[in-house]
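J.: A single structure is presented below for examination.
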Amino acid sequence: MAVLANAAPHAQPHSNSAEHDHEAHLREEHLMLDPRPRGEMNAMVMDSMHATGWKFWVIASILAVIVVICLGYYWGLMISEGMVVAGINRPIYWGIFLVNTVFWIGISHAGTFVSALLRVFKAEFRRPFTRAAELMTTFGLVQAGLSIFMHMGRVWLAFWLFPYPNERGLWPNFHSPLSWDFLAINTYLMSSTMYLFLPLIPDLAMARDRSTGWRKVLYRILALGFRGTESEWTHLRFAMNLFAFAILPVMFSVHTIVSWDFAAAMRPGWNSTIFGPYFVVGALQSGLSAVAMVLIVIRGNMKNMKYFIRPEHLDAIGKLMLIISMAWAYFFFNDYMVQWYGGDSWTKVLLKFHEEGPLGWMWMSMLILNVALPWLILWNKNWRRNPVILFTVGFLINIAMWFERYIIIPTSLSINRFPFTYQLYKPGVEVQLSIGTLALFILLYMLASRIIPLVPVWEVQEGQMAHSLRKFGKEHVVTVSDLE
Amino acid sequence: MTEKTMLLALFPDIDPAAQAVQKLRDIGVRDDHVNVISGIPVTEAMLGRPKQTSNVPRLSAGGAVAGMLLGMFLAFWAPSSYPLNVGGQAIIPGPPTVVVLFEMTMLGMLISTFLGVFLDSRFPSYEPKEYVPEISDGKIALLIECLPEEESQIEAEMTRLGAESVKHAEAQTL
């Protein structure tokens with residue numbers, strides 16, 4: 001078996017030009033059937049990190065300014081003035097900060113889903129973009145963590161969350177879903193960062209071998225002295241397989257526990273037994289859409305990425321988005337149906353407020369953008385493969401998923417069992433801080449794309465080794481060998 | 001005692017490397033005197049090499065137990081020492097305990113798996129090592145520890161089987 005990507009390792013004598021055309025089409029279509037020498041792929045990935053135009057730095061500078069103003073200044077203002085500059089007030093004490101927390105944790109689910117679940121099931125199309133998705137997990141969780149700190153208000157007392165003996169006689173209440181959140185989000189953040197780093201080590205070693213100056217020093221430190229010996233690969237393989245299986249229940253637990261922040265409360269609209277899986281599916285819905293958006297941006301703007309990320313990958317993610325959209329619709333309807341049928345008067349008032357209240361447009365948009373739009377568009381293969389269409393669908397799904405969290409949290413809190421406290425939520429500095437977290441996420445991702453090889457070259461090469469074309473009668477078909 | 005030398009034979013592909021591994025065994029080089037370095041994970045079975053073992057699964061299991069013990073500390077000892085009445089629940093209630101135990105067990109397991117790779121692979125290790133950058137370009141290197149008098153025979157055999165180069169392995173700063 002050839003290690004080196006052979007330009008035509010499966011070549012057969014061609015009986016006619018139609019066969020040749022079909023074979024050429026398959027190679028053009030599938031990255032795994034279009035191998036290039038490993039050295040060339042390494043050079044392409046290194047080049048993609050180094051080729052930075054002025055537009056990149058202009059955008060990065062604008063984002064940095066937004067981060068400084070929206071995140072630095074306005075958070076500082078909130079710390080100095082108190083939560084009065086935020087819009088939360090009776091009866092809405094949970095506002096956009098928690099909407100953003102749930103949203104970003106949702107975004108973070110895609111990395112694990114794409115990388116771990118597809119690795120477990122050996123879905124080959126995952127290979128070129130697992131790292132791009134994993135990176136979203138880590139940076140998404142950073143934004144979720146920041147949003148929680150914003151919500152705390154007196155953020156300098158965050159260390160009170162830690163269980164340690166103290167003179168105040170305080171101890172975290174481990175009966176509380178908020179404490180479980182603390183454990184689950186930290187577990188997930190650490191696990192996903194480690195899971196990002198392990199398969200990155202061979203690519204850091206590759207980058208080390210091809211760099212000079214400060215990059216050489218950085219990659220040398222991060223590659224830890226990796227050479228690729230038999231034992232190093234064995235330990236890595238064991239660890240990556242173990243991580244792939246173990247991080248999945250952690251991923252499911254995180255958003256389930258986030259859902260319990262609401263579901264454990266005896267409150268109409270929140271107290272639902274199906275909130276756990278409903279939140280998990282919602283997280284995948286927004287996360288996968290975000291992965292699609294990121295891949296399209298990478299493909300369109302980073303050098304050589306059109307070779308690694310092809311329409312077949314957009315097609316595969318589009319299919320996943322369609323399936324998850326159906327699952328989300330199922331869970332939404334299940335949750336809605338049981339509440340509607342229950343007949344509780346306060347629940348009826350809440351559902352009517354969601355649908356016909358001043359934010360009814362948001363509820364309707366959520367359904368249209370989360371269900372109608374993907375179902376109408378993503379069934380079509382050509383549309384799934386169109387970067388502009390897929391990006392637009394992904395963007396609108398993310399808007400819808402943000403609306404969903406907004407409806408669940410501040411909108412549901414607007415009305416309660418005390419009609420004299422009814423009040424709509426009017427955000428204050430939350431708006432600027434939300435823009436700041438979004439800008440920080442994009443900025444971190446952009447900067448990381450200049451330092452971290454976004455394509456796991458060794459995984460791509462391994463996949464290309466495993467794929468071949470086999471002829472059945474007159475038809476060439478793709479076959480995959482299990483090399484593990 | 002004769003000092004052994006280290007040869008580095010660089011192959012372009014798995015097939016000649018696998019043949020070279022077999023040839024080395026045939027001419028009396030012990031398996032533990034050969035090390036394979038590659039830019040992708042090549043299984044032992046492909047090269048006909050002895051099965052590699054790893055302590056990572058054992059360390060993971062140990063970490064899971066340690067994490068669970070920490071979880072038990074938080075879930076059992078903490079509420080006993082700082083009792084809180086939450087909605088009439090027991091001081092040490094069942095379902096919340098499961099959540100804390102699960103998260104801490106998984107955290108312990110995953111951290112120890114990660115550290116297990118470091119321990120087993122002796123990472124980080126920045127001292128000079130036998131290596132050539134061509135390996136990360138897809139070549140396969142055989143590091144062969146042999147006696148000086150065996151060198152010429154091994155070099156000839158490796159070259160005959162398709163090695164692109166056979167030379168004295170020099171430890172270099174990576």
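The numbers here are math on the coordinates, done by the rules we state, and not lab data. Just so it is clear, the structure is predicted and the values come from calculations on it, not from any experiment. Note that we place each Cβ from the backbone using ideal geometry, even for glycine, and neighbour counts take in every protein chain shown.
J.: Run the helix sum for chain B: -39,500 (n - 2.57) per DSSP H stretch of 4+ residues, divided by residue count, reported at 222 nm to the nearest 500 deg cm²/dmol.
T.: Counting only the DSSP helices, I get -14000 deg cm²/dmol.
J.: Can you give the average number of partner chain beta-carbon atoms within 10 Å of each beta-carbon in peptide A:207-216, as a whole number?
T.: Mean shielding count: 2.
J.: Which loop chymotrypsin sites (Phe, Trp or Tyr not before Pro) in segment A:118-218, with loop taken from DSSP, have no more than 14 other Cβ atoms within 10 angstrom of their Cβ?
T.: Passing sites in segment A:118-218 are A:F121.
J.: Within 10 Å, count the other beta carbons around each residue, average over each peptide in A:384-392, A:353-361, B:122-130, and list them highest first.
T.: So the peptides A:384-392, A:353-361, B:122-130, ranked by packing, come out A:384-392, A:353-361, B:122-130.
J.: Summarise the partner chain shielding of A:237-249 as one whole number: the mean count of Cβ atoms from other chains within 10 Å of each residue's Cβ.
T.: Per-residue shielding by partner chains comes out at 5.
J.: Residues of B:119-126, mean number of Cβ from any other protein chain within 10 Å of their own Cβ, rounded to a whole number?
T.: 6
J.: Sorted by average packing, counted as other Cβ atoms within 10 angstrom per residue and highest first, what order do B:88-101, A:335-348 take?
T.: Answer by packing, highest mean first, reads B:88-101, A:335-348.
J.: Quick one: dipole size for segment B:1-143, taken about the Cα centre, charges +1 on Lys/Arg Cβ and -1 on Asp/Glu Cβ, in debye to the nearest 20.
T.: The dipole magnitude comes to about 320 debye.
J.: Also: Rounded if a/c is under 1.5, else prolate if a/b is larger than b/c, else oblate: which is segment A:414-464, with a ≥ b ≥ c the root eigenvalues of its Cα gyration tensor?
T.: oblate
J.: Taking only Cα atoms of segment B:56-121, what ratio of Rg to Rh do you get with Rh as the Kirkwood inverse-distance radius?
T.: Answer for segment B:56-121: 1.16.
J.: Starting with the fewest neighbours, write out A:W233, A:W260 ranked by other beta-carbon atoms found within 10 Å of each beta-carbon.
T.: In increasing order of surrounding Cβ atoms, one gets A:W260, A:W233.
J.: Another one. Taking the number of other C-beta atoms within 10 Å as the exposure measure, put A:T479, A:T52, A:T137 in order starting with the fewest.
T.: By the 10 Å Cβ count, ascending, the order reads A:T479, A:T52, A:T137.
J.: Here's another thing I want to ask about it. Against the empirical 2.2 N^0.38 Å scaling, what ratio does the C-alpha Rg of the protein assembly as shown come to?
T.: The protein assembly as shown yields a ratio of 1.07.
J.: Here's something else I'd like to know. Among the listed pairs B:K51/B:K139; A:K55/A:K381; A:K122/A:K306, which are separated by more than 26 Å between their Cα atoms?
T.: Pairs exceeding the cut-off: A:K55/A:K381.
J.: Arrange B:S60, A:S211 by Cβ neighbour counts within 10 Å, fewest through most, would you?
T.: With the sparsest Cβ surroundings first, the list reads A:S211, B:S60.
J.: Give, rounded to the nearest 20 debye, the magnitude of the charge dipole that the protein assembly as shown has about its Cα centre when Lys and Arg contribute +1 at Cβ and Asp and Glu contribute -1 at Cβ.
T.: Charge dipole, the protein assembly as shown, about its Cα centre: 1720 debye, nearest 20.
J.: Can you show me the helix-derived [θ] at 222 nm for chain A, built from DSSP H runs with n ≥ 4 at -39,500 (n - 2.57) apiece and divided by the number of residues, rounded to the nearest 500.
T.: So the helix-based figure for chain A works out to -21000 deg cm²/dmol.
J.: Ok, one more. Would you work out the relative contact order for chain A, in percent, from Cα pairs under 8 angstrom that are 6 or more residues apart?
T.: It comes to 30 percent, rounded to a whole number.
J.: Where does the charge balance sit around A:F149 when Lys and Arg score +1, Asp and Glu -1, over other residues with C-beta under 14 Å from its C-beta?
T.: -1
J.: Taking Cα atoms, how many degrees apart are the long axis of helix B:151-160 and the longest axis of chain B, rounded to 10 and kept between 0 and 90?
T.: Roughly 90 degrees, rounded to the nearest 10.
J.: Quick check on packing: order A:99-112, A:30-43, B:151-164 by the mean number of other C-beta atoms within 10 Å, highest mean leading.
T.: Going by the mean number of other Cβ atoms within 10 Å, highest first, we get A:99-112, A:30-43, B:151-164.
J.: If a/c stays under 1.5 just call it rounded; otherwise compare a/b with b/c (prolate if a/b is bigger, oblate if not). Do that for segment A:353-446, with a ≥ b ≥ c from the square roots of the Cα gyration tensor eigenvalues.
T.: Oblate is the answer for segment A:353-446, as a/c is 1.5 or above yet b/c matches or exceeds a/b.
J.: I would also like to ask the following. Need one word for segment A:30-122: rounded, prolate or oblate. Basis is the Cα gyration tensor (sqrt eigenvalues a ≥ b ≥ c); a/c below 1.5 gives rounded, then a/b vs b/c decides.
T.: Because a/c hits 1.5 or more and a/b fails to exceed b/c, segment A:30-122 counts as oblate.
J.: Under a straight-distance cross-link criterion of Cα-Cα below 27 Å, which lysines are reachable from A:K426, leaving out those fewer than 8 residues away in the same chain?
T.: A:K348, A:K352
J.: List the relative contact order of segment B:56-121 as a percent without decimals, with contacts defined as Cα pairs under 8 Å and 6+ residues apart.
T.: Computed value for segment B:56-121: 58 percent relative contact order.
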